[in-house]
Amino acid sequence: MAGALTATLALSACGGGTNSDNTSKDNGQKGASGYNAAVTGVVNPSDKPGGTLKLTIHDNPDSLDPQIAYYASEWNLMKSFYVRTLLANDTKPGADGLKLVPDLATEVPKPTDDGKKYTFKLKPGVKFEDGSPITSKDIKYGIERIFAREVITAGPSYLVDLLDQGQKYPGVYKDPDPDKMGLRSIQTPDDSTIVFTLAKPFADFLYMLQMPVSAPLPKAKDTGSQYALHPVSSGPYKFESYDEGKKLNLVRNDQWDPKTDPVRKALPDRVEVVYGTAVEEIDNQLLADEVDIDIAQTGVQPGSQPKILLNPDKKKNADSPVTGFIRYVAISTKVPPFDNIHCRKAVQYALDKTAMQTARGGLEAGGEIATNMLPPTIAGHDPADDVFNTKSGKPQIDKAKEELAACGKPNGFETVIATRNTGKEMKTAEALQQSMAAVGITARLDPQDAALYFRSIIGSPSNVHNKGYGLMMAGWGADYPTPAGFLQVIVDSRLIYESGNNNYAELNDPAIDALIDQATSEPDPQKNADIWKQINAKVSESASYMPFTYDKALNYRNPRLTNVYITQYYGQVDFGSLGVMS
């Protein structure tokens, strides 16, 4: 979920502080300071351990189970504190943070067998929190677990599609193999070796192995649907306690060996996460320096934005990065009357994108007007891809009415807007509702709990159909920083699932699917990007997705934090590098 800026600043390795000219110092070395300093550099660089890192968020987690979680903030939290994988994104600011580096593996391997085989060796001495060694079988078991869709009801499905290869592997809970090692496309010749064999080359395969979904899991500790209550840690922290939906306390994992871990600093003695805090109260706590970070990293509420932007003492502790996300509306191709493309085109023309942008915080804190479904941070983005001429952000009422007449609804129609029940998203949904009313479309809002929203509310096609969700508020960032990592899972018709679906529009275009197959096997980056440019153009022509902003988020950071920088991989503060001064 990459950001847009590429400048870097190396971490310093000593204790930090702030001097009177508002630049961080560390034994004579300066870190980045001021507004947006964490976008391109490291604020308050330090290696000083100790203290308690205090985090908060409004929403309940979609899951703390690494094989189920799919929110960027949860991935950031897991990878920072209790989940290790074969590979990781490098923990550096700027473009260097997009590179893959070894985590549990000894090195990033080169593919063999014409790009179809990947062999990994595990580092010696890596352990789970109970002291048991992490083996290749634990990694295989964790990946096999995601095939069990009756238990693993959400999360990215890339590895299922790449590794099943027609064998219809049922997942570990139905695996007839007595050792639960029945997936043939992964082999574990010994405890320190794991071999992946693909049916055909897939240029982005290594990115799959840095996602939490590929985390190791010891078979004896798998509690199925209850695993989220206490995942077994392979990282520097472990669960001390978890009051579901209320609070998570993490403490040091004494079995973690920092000598084996090049990416996590693990500075605080403990990490406390409070869930369910009202969004306005989060802003109050941030501005009072009572908490350190809002882990949602979606920005303060509109009412708090001027308190930061107009106050130099607060603004210097804030950042507004390009997050790499797109805020958009998915238009169901299966819920009438949106099964008619002219009705979809009508809402495209009717949308007041400027009002939506304003509801999210305007240009400074909400982002630029979006015209297509690849953000500027991803290769293949084409600013000229603007089928509905929406760059101005203003609605085109006459064109909307022409399309309404073409779809047989000249006087408009009724529909339902699905949205999360959170502050800025509710405001943008209300702006959408008003846009539709201007052309005679009556759209009722149906706010839903954020923790379930993507998994089982709009992520369940049958629920979408039953509830009549014609329009669905959504946001999306890349699972990994390539065009496939952003777009495939939301437009490939073969990735439409009954639960945990991410192609919310249920877009089904054989021409798009064929181009995706061509792109995912193309190793040349420029040729690959050119194919994704074609795919994105066809997505625009389908009128099934309605992007309105290329996201920015105004976030406040407690001035006591050390090692603060925005990781381009998630478009958020890198939680695992943070320390505290007190």
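Quick check: at a probe of 1.4 Å, how many percent of the accessible area of region 276-344 sits on carbon and sulfur atoms?
It is 52 percent, rounded to a whole number.
Using a 7 Å offset from the Cα along the Cα-to-Cβ direction at both ASN249 and LYS538, what is the distance between the two label points in nm, to one decimal?
Once both label points are built, they end up 5.4 nm from each other.
Within the P(r) computed for region 447-582, what percentage of the Cα pairs occupies the region above 24 Å?
45 percent
Please list 387-395, 465-473 highest first by mean number of surrounding beta-carbon atoms within 10 Å per residue.
In descending order of packing, they fall as 465-473, 387-395.
How large is the charge dipole for region 158-224, taken about the Cα centre, if only the Cβ atoms of Lys, Arg (+1) and Asp, Glu (-1) carry charge, to the nearest 20 debye?
Roughly 140 debye for region 158-224.
Just for the Cα atoms in region 137-296, what are the lengths along the principal axes, largest first, rounded to whole Å?
Over region 137-296, Cα extents along the principal axes are 56, 35, 33 Å.
Please compute the Kirkwood hydrodynamic radius of region 36-149 from all pairs of different C-alpha atoms, in Å with one decimal.
That comes to 17.1 Å for region 36-149.
Quick one: grab the alpha carbon gyration tensor of region 439-522, order the square roots of its eigenvalues as a ≥ b ≥ c, and give me rounded if a/c is under 1.5, else prolate or oblate depending on whether a/b is larger than b/c.
prolate
Express the carbon and sulfur contribution to the solvent-accessible surface of region 357-515 as a percent, rounded to the nearest whole number, probe 1.4 angstrom.
The computed percentage sits at 49.
Mind checking Rg over Rh on the chain, alpha carbons, Kirkwood formula for Rh?
Computed over Cα atoms, the ratio is 0.96.
For region 166-220, state the semi-axes of the equivalent ellipsoid (square roots of 5 times the eigenvalues of the alpha-carbon gyration tensor), sorted largest first and rounded to whole angstrom.
Square roots of five times the eigenvalues give 20, 15, 12 Å.
Using C-alpha positions alone, give me the convex hull volume of region 362-491 per residue in cubic angstrom.
Each residue corresponds to 137 Å³ of Cα convex hull volume.
How many Å³ per residue does the convex hull of the Cα positions in region 102-144 occupy?
It comes to 79 Å³ per residue, whole-number rounded.
Taking the C-alpha atoms of region 221-341, how large are the radius of gyration and the largest Cα-Cα span, Dmax, in Å?
When restricted to Cα atoms, region 221-341 yields Rg and Dmax of 20.1, 59 Å.
How large is the translational diffusion coefficient of region 286-355 in µm² per second when you combine the Kirkwood radius over alpha carbon pairs with Stokes-Einstein at 37 °C and 0.692 mPa s?
Answer, rounded: 209 µm²/s.
Students often get this wrong, so check it: of LYS180/LYS221; LYS200/LYS527; LYS92/LYS121; LYS127/LYS265; LYS79/LYS99, which have C-alpha atoms separated by over 20 Å?
Violating the 20 Å limit, Cα to Cα: LYS92/LYS121.
Helix-derived [θ] at 222 nm for the chain: sum -39500 (n - 2.57) over DSSP H runs of at least 4, divide by residue count, nearest 500?
After summing the helix terms and dividing by the residues of the chain, the value is -7000 deg cm²/dmol.
Whole number in Å², please: accessible area per residue of the chain, 1.4 Å probe, ligands, DNA and RNA not counted.
Solvent-accessible surface per residue comes out at 36 Å².
Hey, can you grab everything whose amide H is under 5 Å from the amide H of PHE548? Only 5+ residues off in sequence or another chain; H modelled, so Pro and N-termini drop out.
Placed amide hydrogens put ARG327, TYR328, VAL329, ALA370 under 5 Å from PHE548.
The values are calculated or read from the model by the stated rules, or taken from the named source; none is laboratory data. Since we're looking at a predicted model, the values are computed, not measured. Because the Cβ atoms are built from the backbone with ideal geometry, glycine has one as well, and the counts that use them run over all protein chains shown. Ligands, DNA and RNA are stripped out before the accessible areas are found, and what is left, the full protein with its side chains, is counted by its heavy atoms. Shrake-Rupley method; radii C 1.70, N 1.55, O 1.52, S 1.80 Å.
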